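To keep things clear, I will list the structure first and then write my remarks on it.
The values are calculated or read from the model by the stated rules, or taken from the named source; none is laboratory data. Note that the structure is predicted; figures quoted are calculated from it, not measured. Positions of Cβ are backbone-derived with ideal geometry, glycine not excepted, and every protein chain shown enters the neighbour counts. Keep in mind that these areas ignore ligands, DNA and RNA; they rest on the heavy atoms of the full protein, side chains included. Shrake-Rupley method; radii C 1.70, N 1.55, O 1.52, S 1.80 Å.
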Amino acid sequence: MQENEHLLLAGLRPYFVMLLIDFMLSPKTRKNDGALTRPRISIPLSETPVTLEEQSSSPTPAHSLVENPNLPSQSVRSRCLPWLASIVYPLARNLVLPVYFRRIQVGGREHFPATGPVIIAATHRSRWDALMVPCAVGQDVTGRALRFMVTADEVKGVQGWFIRRLGGFPINTRQPTIAALRHSIDLLQHGEALVIFPEGNIYRQSASLKPGLARLALQAEASQPNLNVQIVPISIQYSKPLVPWRSAVEIQVGKPLNAAEYSAEHPKQGAKRLTEDLEQVLRSLSGCCQ
């Protein structure tokens, strides 16, 4: 038994060393850490928060956010450390989730795109959802790193340290800043998979979707010809609303919606129709889970 423990510690030692090095080289001092950021611009710009509703009512076209060179995103950064993801996600899949839940069923993985920009639109029923999405379509399953858009209150302390290094970044859901939206579009332009909970909060039952996801998808689509953003609906349903010990979980991955099919319309009308279609698909997937 002691020999096995020594072997385990010896195997984990390199990861602890890398963790220490990464902690010492914080994002504030690191010159080039692979984060998706834009060069600092000398022209001053007001960072007044702007809501997505305000953007839609403005006469400025939807693509203005992503074509204006004076809208920097250096204040929002994110990166996904492969070595950390290779520990956390398999640990959750093979130990944490099987111990807590009596059954986890995943269907529809074949619908998940292997390449290209993706927005994962998942229902939000529990804090466990942050582990259920990677369990269904995470890097150790699909080979694709997931970048989570997380409420600013969650990205604090030790939890925030892990979130930022597992590809997450904060956003104020009530008043999203231009920088956070710009960073989201940057990720999609680089072909990343972005996770958003479009209901905006945890709801025990189905709730109406907020329009922000659809607007973001259409703004990204307008930013680059033939970007082809795919919105993948994912339904997560628990056997009991409060998700007690030994609950069961069913996850359904739906067929993607193509943002380009909604971009020919006026941005406001296209976003409204995309939101309605996505909500209908999610409700249909949730019905299949019950």
Solvent accessible area, Å² - Trp128, 1.4 Å probe, full protein context: 60
Distance (nanometres) between label positions extended 7 Å along Cα→Cβ at Thr115 and Leu91: 3.3
Sulfur and carbon atoms: percent of accessible area, segment 122-256 [1.4 Å]: 51
Distance (nanometres) between label positions extended 7 Å along Cα→Cβ at Lys240 and His190: 4.2
Mean Cβ count within 10 Å, highest first, over the residues of peptides 105-117, 222-234: 222-234, 105-117
Amide proton proximity set for Leu146, modelled H, under 5 Å, gap of 5+: Gln139
Solvent accessible area, Å² - Ser206, 1.4 Å probe, full protein context: 60
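Once the Cβ-Cβ distance between Tyr100 and Glu276 is put in as r, and R0 is 45 Å, what FRET efficiency do you end up with, to the nearest 0.05?
0.80
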Gain upon complete extension [Ala260, Asn201; 0.36 nm per residue less C-alpha separation]: 18.5 nm
Heavy-atom surface of segment 121-223, accessible at 1.4 Å and reported per residue (Å²): 36
Nonlocal Lys pairs with alpha-carbon distance under 22 Å, segment 136-290 (8 or more apart, or different chains): 4
Exposure rank, largest accessible area first [Cys80, Cys135; 1.4 Å]: Cys80, Cys135
Solvent-accessible area of Tyr238 with every protein chain in place, 1.4 Å probe, in Å² to the nearest 10: 30
Cβ-placed point charges (K, R +1; D, E -1), dipole of segment 171-253 about Cα centre in debye, nearest 20: 360
